[in-house]
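Colleague: The following block contains the structure, expressed as structure tokens.
The values are calculated or read from the model by the stated rules, or taken from the named source; none is laboratory data. Remember, predicted model here, so these are calculated numbers, not experimental data. Here the Cβ positions follow ideal geometry from the backbone for every residue, glycine too, while neighbour counts run over all protein chains shown. For the accessible areas, the whole protein counts, side chains as well, though only heavy atoms, and no ligand, DNA or RNA atoms are used. Shrake-Rupley method; radii C 1.70, N 1.55, O 1.52, S 1.80 Å.
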Amino acid sequence: MYAIAFDGAGRAVLGTGNKGNVYRIESPTEWTALLTVPATQVTAFQVGRQGSLFAATGNAGKVYEIGRGWRRGSIESDVFDAGMYSLWGRLSFEAKLNGGKVGISTRSGNLDQPQKNWSAFSPPITETKGGRVGSPAARFVQWKAR
């Protein structure tokens with residue numbers, strides 16, 4: 001962790017290194033991933049006049065505005081290595097929707113880094129009961145939630 005600030009509701013917001021993630025601490029046992037910035041380190045925060053939060057980054061110095069009342073976002077998983085060529089089965093998830101919606105998409109490939117030869121992200125699975133993974137058989141898979 002490189003930086004800490006507090007949002008308008010008094011919740012801690014943390015800036016991290018290596019992957020440029022910003023997290024909000026909801027409770028002693030829950031957190032929310034707010035965003036991932038292209039720069040590798042979130043090094044400082046500054047509160048704006050209207051309650052927004054600004055994040056400063058290192059290793060490509062930039063400033064990002066983290067607005068209030070976000071309605072959309074996405075997060076991508078790390079690449080999962082099945083260890084061998086695999087057929088993907090069913091995906092299900094748990095979510096607190098609070099009137100919103102979540103969709104989980106997947107993509108797959110046979111190299112450990114997503115590249116041109118990986119499949120495109122599949123159509124999203126939006127029912128928490130789940131659905132069949134739409135990505136082709138491969139050794140590696142990755143998911144994205146929106």
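Colleague: How big is the charge dipole of the chain about its Cα centre, in debye rounded to the nearest 20, if each Lys and Arg gets +1 on its Cβ and each Asp and Glu gets -1 on its Cβ?
Modeller: Numbers: 18 positive and 10 negative charges, 93 e Å.
Dipole about the Cα centre, nearest 20: 440 debye.
Colleague: Also, quick follow-up: Can you tell me which of K19, K116, K129 moves the most in a GNM of the chain? Springs connect C-alpha atoms under 10 Å apart.
Modeller: Per the Cα network of the chain with a 10 Å cutoff, K116 tops the list.
Colleague: So what J values fall out for region 134-139 if you push phi through Karplus, 6.51 cos²θ - 1.76 cosθ + 1.60 with θ = phi - 60°, rounded to Hz, Gly and Pro as x?
Modeller: Whole-Hz 3J(HN,Hα) from phi for region 134-139: x, 7, x, 4, 5, 7.
Colleague: Right, next: Could you give the accessible area per residue of region 1-106, probe 1.4 Å, as a whole number in Å²?
Modeller: 69 Å²
Colleague: What is the distance in Å between the Cα centres of region 1-62 and region 81-132?
Modeller: For region 1-62 versus region 81-132, the Cα centre distance is 27 Å.
Colleague: Still on this structure, please answer the following. Under a crude label model (7 Å from the Cα following the beta-carbon direction), how far is M84 from K129 in nanometres?
Modeller: It works out to 3.3 nm between the two label points.
Colleague: May I ask you to derive the FRET efficiency for L111 and W31 from their Cβ-Cβ distance with R0 = 30 Å, giving the value to the nearest 0.05?
Modeller: For L111 and W31, the calculated efficiency is 0.45.
Colleague: Student exercise: in the chain, how many lysine pairs 8 or more apart or on different chains have Cα atoms under 15 Å apart?
Modeller: 4
Colleague: Pick from G61, G99, G89 the residue whose mean-square fluctuation is largest in a GNM of the chain, springs joining Cα atoms under 10 Å.
Modeller: G99
Colleague: What is the gain in length, in nm to one decimal, between R11 and R146 on full extension, counting 0.36 nm per residue of separation less the C-alpha to C-alpha distance?
Modeller: Going from the current span to full extension adds 46.3 nm.
Colleague: Moving to a separate point now. What percentage of the solvent-accessible surface of the chain, computed with a 1.4 Å probe over protein heavy atoms, is contributed by carbon and sulfur atoms?
Modeller: Reported share for carbon and sulfur atoms: 51 percent.
Colleague: Below 8 Å between Cα atoms, with a sequence gap of 6+, how large is the relative contact order for region 4-122 in percent?
Modeller: Reported relative contact order: 14 percent.
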